[in-house]
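The values are calculated or read from the model by the stated rules, or taken from the named source; none is laboratory data. Predicted model only: the values in this text are computed from it and were never measured. When we count neighbours, we look across all protein chains shown, and the Cβ atoms used for this are built from the backbone with ideal geometry, even at glycine.
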Amino acid sequence: MAISYVALIVLALVVALVISAFAMLAKHAPVMAVVVAAGVAAMLLAFVFVGYSTVRINHGPPSVVVNKFENGAIRPEPPSPPIAPEPGDHAIEPPGSSHSAKLLTPLSISETVYRDNGSTVSRTGLSTLPPWIRSENTIEKFGDSVDIYLSSQQFATVDEARAQIWPVLRNELLEFSGVDLTDGNFMSMEDALRLGIIQREADVTYPLELAGHTEEMHQVHWSTSIDGVTRELVLAQWKPAIVNQRLQHLAAGLGGATLLMGAGAFASRRRRKRAAQTA
């Protein structure tokens with residue numbers, strides 16, 4: 001995510017307008033020009049102070065917390081552990097299912113491993129749940145690394161299932177990276193997949209009987225370990241968004257100062273005309 005060229009162009013145009021308006025005001029109303037210049041300087045200093053005060057990056061090791069969820073994180077029904085099926089019987093109970101009263105046989109279980117900047121290393125069809133899937137959403141913190149295991153409920157599409165557990169992973173990435181997201185944007189779920197931050201994904205499909213026909217429901221499981229390398233990826237995605245937003249704020253502030261100086265110059269010109277007419 002690169003710094004917006006549009007924001008830079010707008011900022012340059014606004015600065016040019018401020019300089020021209022200030023020159024006009026200084027010519028016709030020097031006292032007003034000094035006052036406005038002081039106001040603009042104070043505004044710029046305030047932008048700088050507020051901008052830097054929002055950047056709080058803590059590289060210290062996080063505390064050890066297991067099964068901790070904050071900010072209203074989603075808590076799906078716990079999935080069953082992998083079951084060694086009897087011959088001819090591969091039924092397991094899908095976690096988060098509205099049909100939990102009976103055992104359902106998964107239609108398919110696929111595991112995808114992401115490595116090397118998000119490229120797919122392997123995609124495998126399985127007969128049982130992968131052993132890394134936990135019985136409940138789990139976050140294990142050890143020193144300067146965090147192991148995260150998440151499971152969604154069942155949805156009609158994979159994207160919907162991913163969207164349910166993404167906020168939980170996103171909050172952990174923010175906390176681990178020490179990012180105080182008081183302004184600016186953050187990486188999307190697509191960015192996390194593209195960058196290989198999500199390392200393992202299992203897509204388990206279950207049958208759902210509706211009006212005499214069967215629909216496929218998807219449940220997504222994620223496994224990932226985040227460390228110092230992940231922190232750098234997060235910060236690399238986060239900083240340009242903050243710079244873009246601050247440039248926009250600065251352009252808006254300078255635009256307001258330009259309007260103020262233009263109004264002052266116009267008022268000064270009218271006063272001079274009135275004084276000349278009454279003289």
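Each row is one residue, and each column tells you yes or no for (1) at pLDDT 85 or above; (2) touching a Cys at 6+ places or on another chain (Cβ under 7 Å); (3) in a loop (DSSP other than H, G, I, E, B).
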site	(1), (2), (3)
Ala161	yes, no, no
Trp166	yes, no, no
Leu174	no, no, no
Asp180	no, no, yes
Phe186	no, no, yes
Gly196	no, no, yes
Of all residues being within 21 Å of Glu215 (Cβ to Cβ) and in contact with a strand residue (DSSP E or B) (Cβ under 6 Å, 6 or more places away or on another chain) in region 120-156, which is surrounded by the fewest Cβ atoms within 10 Å (Cβ to Cβ)? Just the residue, please. Gly125
